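A short worksheet on the structure shown next.
The values are calculated or read from the model by the stated rules, or taken from the named source; none is laboratory data. Since the model is a prediction, treat every value here as computed from it, not as a measurement. Positions of Cβ are backbone-derived with ideal geometry, glycine not excepted, and every protein chain shown enters the neighbour counts.
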């Protein structure tokens, strides 16, 4: 009698309609818009794929198996799934009737090839001078925020910067879904947990961040700040946890600071805006803005440092590096730019 297949084997069989894409090292993302429409991203550009599922039922079966493998609820009552596949790829899915054409799926591939700062310089994501500047800032325990849009390369830049942290220090990483795999001697990786099928057991980024402060971290790396945990991170950065890193979804350096404000206010602690703004300005020393271009390449558009507010009502930003028209990321004279830029 043949042995029963393992869950991983059964899962792979259900996903085999797009298996060739999931095994293709050139594919960074697989996007499924219903069973018969599949798109892939290669080198930053989207293209239609010929692969497809035979029906909505087969696609839903694959999604249900992924949810069961990860222990995540996924049904008519909880029609949004955020989880990982066995290879570490991040999966987001939405079930009908929230989407008319059938289940919608986005799979962000897990890259086994770690991109370091040298690799990003080779790809012209940023200049050698800019990379050196960021590394020196981390050596000086400056807190750095990476901002950009969806798919802009925030996590890749964050991972490359985190890999430069001192090997003698204790690094604690906090993520919704684990993507950071740092080749450092002393890394503690924490991952948030959603509620179970009874709505219990949820552990969010904020709870993990608060626990981290009692785990003796030398550096804290938060994959992405999305909610009220922004307040806890800002306070941690202001109370001895220098040299920490995070990403924020924003379209400019000053926009990242504004977003940190908004999310920190979700903490509902009654801090006046001017006091909160002063805390953010004191906590964050550098903001790097990265974006994906129309040709699929990722580029750091600017790196700005914050000056102390010193009684000012808004952030005082100095753009240290900016991308010139020829694409180079150039050092520029320290010229303050106000919060309206």
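Only one of the listed residues (95, 85) is farther than 30 Å from residue 321 by Cα, free of Cβ contacts under 8 Å to residues at least 40 places away in the same chain and assigned by TED's automatic domain parsing to the domain that holds residue 53. That residue is 95.
Number of residues in the range 158-187 that are in contact (Cβ under 8 Å) with a residue 60 or more places away in the chain and either touching a helix residue (DSSP H, G or I) at 6+ places or on another chain (Cβ under 7 Å) or outside the structural domain of residue 302 (by TED's automatic domain parsing) (or both) equals 4.
Among residues belonging to the range 207-225 that are in contact with a helix residue (DSSP H, G or I) (Cβ under 9 Å, 6 or more places away or on another chain) and part of a helix (DSSP H, G or I), point out the one that is farthest from residue 138 (Cα to Cα). Per the criteria, the residue is 207.
Scan the range 25-39 and give yes if some residue there is on the phi > 0 side of the Ramachandran plot and buried (at least 17 other Cβ atoms within 10 Å of the Cβ), otherwise no. Yes, the conditions are met somewhere in the range 25-39.
Matching residues to (1) at pLDDT 95 or above; (2) assigned to a loop (DSSP other than H, G, I, E, B); (3) crowded, with 19+ Cβ neighbours inside 10 Å:
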residue: 227; (1), (2), (3): no, yes, no
residue: 232; (1), (2), (3): no, no, yes
residue: 240; (1), (2), (3): no, yes, no
residue: 246; (1), (2), (3): yes, no, yes
residue: 267; (1), (2), (3): no, yes, no
residue: 290; (1), (2), (3): yes, no, yes
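The strands (runs of 3 or more DSSP E) found entirely in the range 102-206 that carry 1 or more residues being within 17 Å of residue 286 (Cβ to Cβ), modelled with pLDDT of 95 or more and in contact with a strand residue (DSSP E or B) (Cβ under 9 Å, 6 or more places away or on another chain) are 144-148.
Test of understanding: among 71, 88, which residue is farther than 25 Å from residue 298 by Cα and modelled with pLDDT under 90?
Just one listed residue meets the conditions, 71.
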